[in-house]
Structures are given as structure tokens and as C-alpha cells.
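What follows is calculated from the coordinates using simple rules that are stated; it is not laboratory data. Computed from a predicted model, the values in this text were never measured in an experiment. With ideal geometry, Cβ positions are generated from the backbone for all residues, glycine too; neighbour counts draw on all protein chains shown.
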Amino acid sequence: MSHFKKLAIAAALSVAFGTAAVASEVKWSYEGETGPEHWASLHENFASCAGDQQSPIDIQPSSVVDAELLPLEINWNESVDLHVANTGHGVQDNGADFGTATINGKPYTLKQFHFHHPSEHTIDGKHFPAEAHFVHQASDGSLAVIAVLLEGGGENTVFSDSLSNVTDTVGEDVMLGNEDPRDLLPDDLSFYTYRGSLTTPPCSEIVDWVIIKTPMEVSDKNIEAFAKLYSNDARPTQNLGRCYVLQ
Ligand SMILES: [Zn+2]
């Protein structure tokens with residue numbers, strides 16, 4: 001190998017590995033130069049953010065494909081020792097033992113749930129004031145997220161306790177005590193489903209999305225508290241690309 005070639009390879013390697021920032025330390029946000037339209041170029045690990053199977057999407061009920069879907073089976077624990085945190089990108093509830101769910105016939109464990117303001121998914125172009133994401137992981141590492149759209153109305157205990165206890169300090173964890181996360185689910189679990197991505201960097205296209213059709217009510221007071229903390233932590237809806245929506 002020529003000396004020149006060796007130098008060229010060394011230079012290429014230093015670009016690839018030597019000076020690259022660690023993806024987890026890359027700052028991203030919901031506006032300006034680190035906002036959603038720039039995510040894909042902020043780090044090489046975020047390239048999927050420009051993919052063609054991205055979430056969230058606008059769901060148009062009139063063009064959803066009817067399919068024989070397996071029913072959702074929720075086996076979440078009814079009493080979970082919850083704590084709430086301001087992640088710097090949203091409000092997240094963590095707990096030790098959430099239980100499981102069977103989604104599209106596959107078993108998953110619930111890992112955490114968090115909220116976005118306003119909703120990320122839209123129905124016929126319409127945003128809801130907020131959206132809950134219940135993040136499930138299967139033993140093979142794949143993810144399924146159950147999304148519940150939240151609208152103004154009566155108070156919801158889990159949402160209310162989360163929003164009235166979360167602090168404006170990023171990373172601070174506040175204990176909520178035992179709560180039943182199923183309080184955020186409607187009785188009717190009919191849903192839309194599609195294959196998409198994480199809605200935050202690195203936007204990995206590994207998520208089976210389940211959007212519950214019936215919204216849940218949360219108080220306007222709690223939505224206002226959320227808006228004070230995060231005026232907008234919703235990624236804009238993405239082109240449908242390779243996604244198609246089933247019900
Ligand atoms: Zn989310």
C-alpha cells in the first residue's frame with residue numbers, strides 16, 4: 001500500500017470514529033437548528049430520522065385498511081410504584097414492575113410511559129392536546145408503543161399526579177406512590193396499527209404502533225401545566241412513505 005493511500009485511510013477513519021460525538025450526547029430539540037427537520041444530520045446514528053417509515057403520522061380513518069387484527073391483551077399490573085421525571089424532552093413515568101401486554105399476537109413488557117404535548121399522531125389532520133405513549137419491549141429487543149390520545153375534560157388520576165408533581169428540573173425524579181396505569185386506558189381498546197419508528201432521535205424504524213381509537217379525558221388545568229413545561233414536544237407528522245395503517 002502506498003504511503004498516500006495509508007494517509008487517506010487514516011484520514012477517513014478519523015472522520016468516521018476519531019472526532020464523532022457520542023450520539024447520546026448530541027443535543028436535539030423541537031425547534032430551530034436542532035429541531036426535527038435537522039435531526040437526521042445532527043449525528044450519523046440519527047440517519048433513520050430521514051427514513052421512509054417514520055412516526056408520527058396523520059391517520060385518515062377513511063383510508064385505513066380493514067384487517068383481521070388480534071385483540072390487544074393488556075396484563076399491566078394494577079398497582080405500580082410510579083415515579084415521574086422531566087426527561088428534558090417530556091414527562092415520563094417510570095416504575096419497577098409494569099407487567100406485560102400481547103400486541104399483534106406478540107408478548108411484550110411495559111418499560112415506561114411518557115407524554116407529549118400536543119399529540120404527535122393526528123386524526124384527519126387534527127391534533128389532540130396531549131398523547132400518552134406506553135413503551136413496550138419484546139425479548140428480541142423490538143418495540144411496540146400503545147398510544148392514547150388525551151383531550152380536555154374530567155381529571156385523570158395518573159395524568160394529574162404526574163403533571164402536578166413533575167418539576168422543571170431535568171432528570172429530577174419524584175415518587176408518586178402506587179398507581180394504576182390502566183386508568184389511562186379507555187374500556188374500548190379498538191385501535192389502528194402500523195409499522196413505524198421512534199418519534200425521537202435516533203428514530204429507529206423498529207416500532208409497532210398501536211393507536212387506541214377512543215381518547216381519554218384529562219383536565220385542562222393539567223394540560224396547561226404541561227404546556228408551561230413543554231409548549232411543544234411533538235414531532236411533526238411524517239409522510240406515510242412505506243407505512244400503511246390497519247384497523
Ligand atoms: Zn413518545
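Mind checking Rg over Rh on the stretch 56-208, alpha carbons, Kirkwood formula for Rh?
Value, to two decimals: 0.94.
Which angle between 0 and 90 degrees, to the nearest 10, do you get for helix 220-229 versus the longest principal axis of the chain when only C-alpha atoms count?
Helix 220-229 sits roughly 20 degrees off the main axis of the chain.
Express the Stokes-Einstein translational diffusion coefficient of the stretch 127-247 in µm² s⁻¹, to the nearest whole number, given a Kirkwood radius over alpha-carbon pairs, 37 °C and a viscosity of 0.692 mPa s. Before the final figure, lay out each step's value.
Values: Rh = 15.8 Å.
Reported coefficient: 207 µm²/s.
If I take every Cα pair under 8 Å that is 6 or more residues apart in the stretch 144-228, average their sequence separation and divide by the length, what percent do I get for the relative contact order? Walk me through the numbers before you get to the answer.
Working: 128 pairs, mean separation 41.0, N = 85.
Result for the stretch 144-228 is 48 percent.
Go ahead and collect, in residue order, the members of the stretch 115-130 whose backbone nitrogen is under 19 Å from a label point 7 Å along the Cα-Cβ direction of SER63.
121-127
Quick check: the angle from helix 3-13's long axis to the longest principal axis of the chain, C-alpha only, nearest 10 degrees?
For 3-13 against the chain, the angle is about 10 degrees.
Below 8 Å between Cα atoms, with a sequence gap of 6+, how large is the relative contact order for the stretch 52-229 in percent?
Working: 420 pairs, mean separation 45.4, N = 178.
Relative contact order of the stretch 52-229: 26 percent.
When the chain is modelled as a GNM with alpha-carbon springs shorter than 10 Å, which of ASP233, ASP66, ASP208 fluctuates the most?
ASP66
With a Förster radius of 25 Å, plug the Cβ-Cβ distance of GLU31 and THR167 into 1/(1 + (r/R0)^6) and report the FRET value to the nearest 0.05. Could you put the intermediate results ahead of the total?
On the way: r = 22 Å, r/R0 = 0.89.
Given R0 = 25 Å and the Cβ-Cβ separation, E is 0.65.
Looking only at Cα atoms, what is the convex hull volume of the stretch 39-123 per residue, in Å³?
Details: hull volume 13.9 nm³, N = 85.
Hull volume normalised by residue count: 164 Å³.
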